[in-house]
Number of protein chains: 2
Amino acid sequence: MGIEESIKIYGAKIDKLLKDLIPPDKKDYLSEPIWHHMHTGGKRVRPALCLITCEALGGNPNEAIHFALAVETLHNMFLMHDDIEDGDTMRRDQPTVWVKYGTANAINAGDYLLACAYKSVLASPVSLERKLKLLQVLTLTYEKTVEGQALDINARAAEDFSVGQYMNMVELKTGYYLACGMVGGAIVAGVSDAVVENIWMLGKNMGPAFQIRDDLIDLTHGKGRGGIIGSDIKEGKASFLYSYALQVASEDDKKHLRVIMLKPRDETKDYDIKQALEIFKKYNAMEYAQDYADDLIQQAYKTIDHIPVEDKTIFKEIASFMAKRMS
Amino acid sequence: MGIEESIKIYGAKIDKLLKDLIPPDKKDYLSEPIWHHMHTGGKRVRPALCLITCEALGGNPNEAIHFALAVETLHNMFLMHDDIEDGDTMRRDQPTVWVKYGTANAINAGDYLLACAYKSVLASPVSLERKLKLLQVLTLTYEKTVEGQALDINARAAEDFSVGQYMNMVELKTGYYLACGMVGGAIVAGVSDAVVENIWMLGKNMGPAFQIRDDLIDLTHGKGRGGIIGSDIKEGKASFLYSYALQVASEDDKKHLRVIMLKPRDETKDYDIKQALEIFKKYNAMEYAQDYADDLIQQAYKTIDHIPVEDKTIFKEIASFMAKRMS
């Protein structure tokens, strides 16, 4: 069975179990906004990778299911809070939770998802030692992702935002997050700390590669927010492209770009986005971004070579699955 | 040493350790909003009660300090998110975090406080078994408080909001929360599950008593939000008084009250608040609320009688300390 098939099968299993963790028909003002959000997408790739990793490393995936569910609820908690923080009104062509149910309910429903994540890990059918390790992984991931988000929120239209700062931000914001399911699956399988360290490192390569790709998609296809191209520019969000342009563009172009980025969302017109795109193109920012992401993927393959397990197949499959989604 | 003295001493200790957990001078866009908030108040009563309970039950309070810190960061996380959810602009005569740093930073800094709570408990110098129990207590408290908040958010100006519904809401929102420090302290001291159950029960008596008192203070002295009287009415917040009035008032008075409660905050004038107060007074809602809170305190004393420990002094002292603060 190929990895895509495995993700599909495990993803469907997760979807079913999520409904046990958070019953969709409860009249508690939490289930409804949560399931409105859950239905806006989700192939449940992250939790599926948790189960696949566990199995490939000789563990029992049934013992990793609780952690896999936690990874998925954590993921959705972040999306729900991020949508408020970024002021995004649409997600996969549906209104975001704060738009449909109000900011108060969206903050609180996000908080609830995090409670569900911890509740799920606490119910894991594993030894006390492993359970504590899993709780540490969840907490570390949560903490680091929030730290990255703090940098992201405050980097908007920053005057001096370098590629280095961008990388620091996305390593925190996406690196732990991407690896945490795999790390959890590996812990349930009983691997050594050295293996765990290497999987974290894999996340630090793959996460930023994913984010750079996301930044690129926003400029080519849009992010499914009603087909809008350039919503990062509209938001004044510090993308890879923006950080690169600040490093290489002429003073005039930088100034022009910053004026566009600083405009309030409602005042950013199609013409502004076109102008920003022109500046990015002038300095080959798109090609540079794609190359940078490709390099990160290559680094990921090198990291895999260092993982101290005999059969590295699963990690290679996961990396190429992700790389494929990025091309 | 009396309990007030103990709270003072332990509170100061907590204040110092909080600065180790969250260094105030870190340039991470998290420490600054968090410490702006932390300085708006806090005698650190909740964590102090954790340490006092632990010691009184024969435990080593140094082993409970990590949990005590978690109780305090959880508390502040809720305040920070609640201020956004309630639209409160002032806390103890200072601008709230979302007003000073923006909603995005306030949501994210609240999220970070929760990460700190878990991080702190995970670092507790106790056995694996006890650590897991502490993590369960933290998670249960977090979950139930969020469930209560969901009811609170959506109860605003509800047409049929009974005293029973109010009690359910505040038991969830304040009961677990108030008890959790004591429960944690007791677990570190190694008490039986029966003792733990009784302390939870104590919270279910004292928490709502506290909340009813808070509702009353809002109508007499204001909540320190720039000296405003009746901010619950302004917000259309479902207080004990409101739920009681809906149960006993004439149809005309109920209708009148609901019109006032449904007015947007900015349109609620001093005259409206005066009118609502008149309705509450007409039905002796204040006296009823005070009696109700007093009854809950009496129930708390009965609960204490059932706690299966020989020396119940500490619980009686805590209850009368709280009752005193409520009179």
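Can we say B:Gly207 is outside any loop (DSSP other than H, G, I, E, B), surrounded by 19 or more Cβ atoms within 10 Å (Cβ to Cβ) and more than 16 Å from the chain's Cα centre (by Cα)? No; evaluated as a whole, the condition is false for this residue.
Residues in segment A:147-180 that are of a type outside the set (Phe, Trp, Tyr) and under 12 Å from the mean Cα position of the chain (by Cα): A:Gly148, A:Gln149, A:Val170, A:Glu171, A:Leu172, A:Lys173, A:Thr174, A:Gly175, A:Leu178, A:Ala179, A:Cys180.
Matching residues to (1) under 18 Å from B:Arg44 (Cα atoms); (2) β-branched (Val, Ile, Thr):
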site: B:Val163; (1), (2): no, yes
site: B:Met169; (1), (2): no, no
site: B:Leu178; (1), (2): yes, no
site: B:Glu197; (1), (2): no, no
site: B:Arg213; (1), (2): no, no
site: B:Gly230; (1), (2): no, no
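Scanning segment B:130-163 for residues that are under 30 Å from B:Val191 (Cβ atoms), without any contact (Cβ under 8 Å) to a residue 60 or more places away in the chain and not β-branched (Val, Ile, Thr) turns up B:Lys131, B:Leu132, B:Lys133, B:Leu135, B:Gln136, B:Leu140, B:Glu143, B:Lys144, B:Glu147, B:Gly148. B:His256 satisfies every condition listed in (1) without any contact (Cβ under 8 Å) to a residue 40 or more places away in the chain; (2) closer than 30 Å to B:Ser192 by Cβ except (2). Scanning for something more than 17 Å from B:Leu178 (Cα to Cα) and among the aromatic types (Phe, Trp, Tyr), does segment B:14-33 turn up at least one residue? Yes: one or more hits.
Taking B:Asp86 as the residue in question, decide whether it is crowded, with 18+ Cβ neighbours inside 10 Å, within 19 Å of the chain's Cα centre (by Cα), within 14 Å of another protein chain (Cβ to nearest Cβ) and modelled with pLDDT under 95.
Judged against the criteria, B:Asp86 is a match.
If you go through segment A:104-118 and pick out every residue that is within 16 Å of B:Thr103 (Cβ to Cβ), more than 7 Å from chain B (Cβ to nearest Cβ) and without any contact (Cβ under 8 Å) to a residue 60 or more places away in the chain, you end up with 1. Taking the conditions exactly as written (farther than 23 Å from B:Arg325 by Cα and either assigned to a helix (DSSP H, G or I) or under 17 Å from the mean Cα position of the chain (by Cα) (or both)), does B:Lys254 satisfy them or not? Considered against the rule, which asks whether it is farther than 23 Å from B:Arg325 by Cα and either assigned to a helix (DSSP H, G or I) or under 17 Å from the mean Cα position of the chain (by Cα) (or both), B:Lys254 comes out as yes. Selection of segment B:22-46 for residues being assigned to a helix (DSSP H, G or I) and modelled with pLDDT under 95 yields B:Met38, B:Val45, B:Arg46. Return the pairs, sorted by first residue and then second, in which the second residue is β-branched (Val, Ile, Thr) and not in a helix (DSSP H, G or I), the first residue lies in segment B:29-58 and is closer than 17 Å to B:Leu69 by Cα and in contact (Cβ under 8 Å) with a residue 60 or more places away in the chain, the beta carbons are less than 6 Å apart, and the residues are 6+ apart or on different chains. Partner pairs satisfying both residue conditions: B:Ile34/B:Ile22.
For A:Asp311, the conditions (1) assigned to a loop (DSSP other than H, G, I, E, B); (2) within 23 Å of the chain's Cα centre (by Cα) are fulfilled apart from (2). Here A:Gln149 fulfils each of the conditions (1) among the polar types (S, T, N, Q); (2) out of contact with any Lys or Arg (no Cβ under 8 Å at 6 or more places or on another chain); (3) more than 26 Å from B:Val137 (Cβ to Cβ); (4) within 14 Å of another protein chain (Cβ to nearest Cβ) apart from (2).
The values are calculated or read from the model by the stated rules, or taken from the named source; none is laboratory data. From a predicted model like this one, the values you see are computed outputs, not experimental measurements. Don't worry about glycine lacking a Cβ; one is built from the backbone with ideal geometry, like all the others, and counts go over all protein chains shown.
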